[in-house]
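Remarks on the structure that follows.
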Amino acid sequence: EAIFAGGNFWTMQKELSQVPGVLRIVTGFDGGVSKNPTYKKVLSGQTPDYRQAVRVIYNPEQVSYSQLVMQFWHLIDPK
């Protein structure tokens, strides 16, 4: 499995789920210490330590970690 954080998790979920070999994607937040972050709090900046993230469960015989990383970089805007 791999965890990618940055950008919008719904966009990452939609696009990465279409990659052959991706078995399941779980959306959530990563990197924070605040208890019980909500989408509204994270989006508003009330929990600046969190980022939207996806956990990608994949079959490495069908898709490599490197391929997933390349897909991820195409999805986010690093500004």
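Odds and ends about this structure:
- Only listed residue being in contact with a strand residue (DSSP E or B) (Cβ under 8 Å, 6 or more places away or on another chain), touching a residue at least 40 places away in the same chain (Cβ under 8 Å), basic (Lys, Arg) and within 12 Å of Ala2 (Cβ to Cβ), chosen from Arg55, Arg51: Arg55
- Within the stretch 16-41, residues that are within 12 Å of Tyr58 (Cβ to Cβ) and at pLDDT 85 or above have Cβ atoms under 6 Å from residues that are open to solvent by 60 Å² or more (accessible area, probe 1.4 Å) and part of a loop (DSSP other than H, G, I, E, B) in these pairs: Pro20/Gln62; Gly21/Gln62; Ile25/Ser17, counting only partners at least 6 apart in sequence or on another chain.
- Any chance Pro37 is assigned to a loop (DSSP other than H, G, I, E, B), of a type outside the set (Lys, Arg) and loosely packed, with under 14 Cβ neighbours inside 10 Å: no
- Total residues in the stretch 1-34, condition open to solvent by less than 30 Å² (accessible area, probe 1.4 Å), more than 15 Å from Gln71 (Cβ to Cβ) and in a strand (DSSP E or B): 1
- Hits in the stretch 40-79 (condition: assigned to a helix (DSSP H, G or I) and surrounded by 14 or more Cβ atoms within 10 Å (Cβ to Cβ)): Lys41, Val42, Gln67, Leu68, Gln71, Phe72, Leu75
The values are calculated or read from the model by the stated rules, or taken from the named source; none is laboratory data. It should be emphasised that the depicted structure is a prediction, and the values quoted were computed from it without experimental measurement. Ideal geometry is used to build each Cβ from the backbone, glycine not excepted, and the neighbour counts take in all protein chains shown. Accessible surface areas use protein heavy atoms only, side chains included; no ligands, DNA or RNA. Shrake-Rupley method; radii C 1.70, N 1.55, O 1.52, S 1.80 Å.
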